[in-house]
Amino acid sequence: MTSHLSGPVTAPGGRRPRLPGPRTPREVATALDSFRDSVAAGMSHLHHTYGPVAALGIGPLRWTFLFGTDANELVLGNTENFEFSYGGLQAIAGDTALVALPNAENRTMRQLLRPLFDREHVDAYADRVLDRVRDRLAAWPQNTTVDAYTELRLAVRLASVDSFIGPGVLNREGNTLDTTLEQLHTVLNRSSILTLLVWNAPRLGRLRLRKPLSRIDRVVHAEITRRRAGATPTPDPIDPIGFLLRPGIYPELPAGDHTVRDTVVSLLIASYDPTSSALGWSLYGLLANPEVLAEAKREVARELGDEPVRAATARRLKYLGHVVAEAIRVHPPVVASARHCVKGFEVHGHRIPAGSRLMLSQFTSHRSPDSWPDPERFDPDRWDRTGTATAAVPPAAYFPYGSPRRRCPGSGMAAVIVPAVLAAVLQAGDITLADDHPPRLDGFAALRPKAGLPVRVHQPH
Ligand code: HEM
């Protein structure tokens, strides 16, 4: 195969090169149908039907899907040639958010924000999530069915608002703020080809999200004004707004309140959606595999005894860490990484011109039999580096947190929060899956079970 970076690539006569992909009305209809089912299913369809390179859409709305470790390695390993292309998130997070900034500015911004991701902040955020989760678990009535995905998602969302905007905001704004936040994610998560288009057109996204966005802006700007007037939520170990308002914090970047707004909104929306997804799929992995569940319960009892889990003690839960690693292999919260290329390049003998919008697929890569023996099997022991089952996993085969050089800055947070919440759920009592069928897939910004995760509550929670 050919996979090298080259100069500007155009077809003879300046036309875009023809790439494999649906062309006839029938092929296009089949592709659209598969995306309607779920974006994950759509990508699997393209991969199986057209091979490692497949283009979908027309003109500026065309996406080129690249499948397989060679292409992943080429794109993820050459950060300077591939910029992020998350127009949907940009619509919400704003033009100065991490996700919207070109690589060079992004690097500077990440340096500035590093203190927000240190151990003290991670533990404070995780403990807030745990408090919210325990509130929800305490309200689960015995002998009823509860949607565990939606419940845990709500807990993470509320803790994220407390942590990233301010702990008093929900009291001041009431529950409708929570509904507003969910509206923001609805457009990003709809399984349809439209989602892909919005992904490519931030202005269209902003138009559709005008109302919820103006509410969030009002809330965040009010909070910035309160901080400027001296209202500091102390003692609060997190407080990103207070941190960002320190004089001189943005020496080389567009300063001003809108940058503070963009940063906190991006932390908020980038955190709770994939984290809830990882929680939902990890809990499903536990409950659908009795021997895994039994091993996890043994670990929680052995490591924590009767002590309720906290962030600091969750770090002892190695097996639950493997459960999470395996869950986000089989069900990666972010199913695809979106990029556009600065320079043209060649891959698998196809020429991809400069400016092309690209999608790499975590979903298909994490399930490829070329990289994973028995890929559909849920096996946390793959991650046990002391055992025999695991070979070192190349980043091009497993990249739930994206590229090495522009990796998700919240991966350390997720690595503490998700096992901690699973332990809290196990400590609270017995639950089983209420539905024998595997959940159907939904979502794009974050993969979710279409009908939630109904569980039967057997012991008081
Ligand atoms: C299991 C949970 C999570 C998963 C699977 C996840 C995954 C990802 C992925 C795949 C990317 C894009 C990387 C790429 O395309 O190369 C990303 C970016 C990002 N994530 Fe996460 N994430 C998670 C949790 C979090 C948390 C808790 C935060 C905390 C605030 C966070 C903040 C961000 C931000 C700000 C970006 C944009 C980074 C940039 O543009 O440079 N994420 N995440």
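Those residues that are modelled with pLDDT under 95 and surrounded by fewer than 19 Cβ atoms within 10 Å (Cβ to Cβ), I need them from the range 42-68; list them, please.
Passing the criteria: GLY57, ILE58, GLY59, PRO60, LEU61, ARG62.
So, in the range 353-370, how many residues would count as being of a type in the set (Gly, Ala, Ser) and crowded, with 18+ Cβ neighbours inside 10 Å?
3
Assess whether LEU74 counts as being within 19 Å of the chain's Cα centre (by Cα) and either farther than 30 Å from ILE216 by Cα or modelled with pLDDT of 90 or more (or both).
no
Hey, does the range 424-439 have a residue that's small (Gly, Ala, Ser), under 22 Å from LEU196 (Cβ atoms) and at pLDDT below 95?
Within the range 424-439, not a single residue is small (Gly, Ala, Ser), under 22 Å from LEU196 (Cβ atoms) and at pLDDT below 95.
Please work out which one of (1) within 16 Å of the ligand (Cβ to nearest atom); (2) over 16 Å from the mean Cα position of the chain (by Cα); (3) at pLDDT 95 or above is the condition PHE399 fails and give its number.
The single condition PHE399 does not satisfy is (2).
Could you tell me whether SER214 is assigned to a helix (DSSP H, G or I), closer than 28 Å to LEU130 by Cα and either of a type outside the set (A, V, I, L, M) or modelled with pLDDT of 80 or more (or both)?
Answer is no for this residue.
So ALA424 ticks every box in (1) buried (at least 18 other Cβ atoms within 10 Å of the Cβ); (2) part of a loop (DSSP other than H, G, I, E, B); (3) away from the ligand (no atom under 12 Å from the Cβ) but one. Which box is left unticked?
(2) is the only condition that ALA424 fails.
Scanning the range 319-345 for residues that are of a type in the set (Gly, Ala, Ser) and more than 9 Å from the ligand (Cβ to nearest atom), which turns out surrounded by the most Cβ atoms within 10 Å (Cβ to Cβ)?
ALA327
Looking at the range 379-392, can you tell me whether even one residue there is within 12 Å of the ligand (Cβ to nearest atom), in contact (Cβ under 8 Å) with a residue 24 or more places away in the chain and surrounded by 17 or more Cβ atoms within 10 Å (Cβ to Cβ)?
Among the residues of the range 379-392, not one is within 12 Å of the ligand (Cβ to nearest atom), in contact (Cβ under 8 Å) with a residue 24 or more places away in the chain and surrounded by 17 or more Cβ atoms within 10 Å (Cβ to Cβ), which makes the answer no.
Could you pull out every one of the helices (runs of 4 or more DSSP H) wholly within the range 266-363 that has 3 or more residues that are under 24 Å from SER403 (Cα atoms)?
318-330
In the range 71-127, which residue that is among the hydroxyl-bearing types (Ser, Thr, Tyr), touching a helix residue (DSSP H, G or I) at 6+ places or on another chain (Cβ under 8 Å) and farther than 30 Å from PRO419 by Cβ is nearest to the ligand (Cβ to nearest atom)?
Applying the filter and picking the extreme gives SER85.
Which pairs have Cβ atoms under 9 Å, sit 6 or more apart or on different chains, and link a residue in the range 225-250 that is exposed (fewer than 10 other Cβ atoms within 10 Å of the Cβ) to one that is modelled with pLDDT of 75 or more?
Final answer for the pair search is THR234/GLY242.
The values are calculated or read from the model by the stated rules, or taken from the named source; none is laboratory data. In this text, all values refer to a predicted model and were calculated from it rather than measured experimentally. We place every Cβ from the backbone using ideal geometry, glycine too, and count neighbours over all the protein chains shown.
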